[in-house]
């Protein structure tokens with residue numbers, strides 16, 4: 001009988017993996033160090049609770065990830081200790097519909113705000129138009 005923390009055999013997938021390793025394998029973060037720093041900062045929660053980087057995550061867990069003003073709420077469908085391709089990483093979790101809609105709305109709002117701000121410093125033509133407008137009687 002295998003222990004709960006024992007490593008899986010060569011042909012078996014692990015039943016539980018460290019959360020920092022899973023976040024790295026699922027491609028939420030580029031390195032395990034960045035994943036561990038995010039966990040320590042409280043940007044990652046499992047089943048609504050703050051955890052440490054060594055906390056084990058298993059299939060069926062609900063993981064909340066906040067990263068650069070965006071939030072993902074995903075359900076773990078599989079665990080992996082190895083980082084694979086993006087298509088392999090997408091099989092490790094399933095995002096909730098509410099999370100996807102909220103993220104799409106936040107991205108659209110950011111794009112709209114960027115469009116309103118303009119493209120930076122006005123050109124000479126823009127400055128002349130502004131001067132003409134301000135000097136009108």
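Laboratory data are not the source of any read-out in this text; all were calculated from the coordinates shown. Computed from a predicted structure; not experimentally measured. We place every Cβ from the backbone using ideal geometry, glycine too, and count neighbours over all the protein chains shown.
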Convex hull (Cα only) mean projected area of the stretch 12-95, reported in nm² to one decimal
4.9
Final fewest-first order of 17, 74, 116 on the 10 Å Cβ neighbour count is 116, 74, 17
Could you tell me how many degrees, from 0 to 90 and to the nearest 10, lie between the Cα long axis of helix 124-134 and the main elongation axis, the longest principal axis, of the Cα atoms of the chain?
60
Would you mind ranking 39, 73, 107 by Cβ crowding within 10 Å, fewest neighbours first?
107, 73, 39
Ranked list, fewest to most other Cβ atoms within 10 Å of each Cβ, for 131, 95:
131, 95
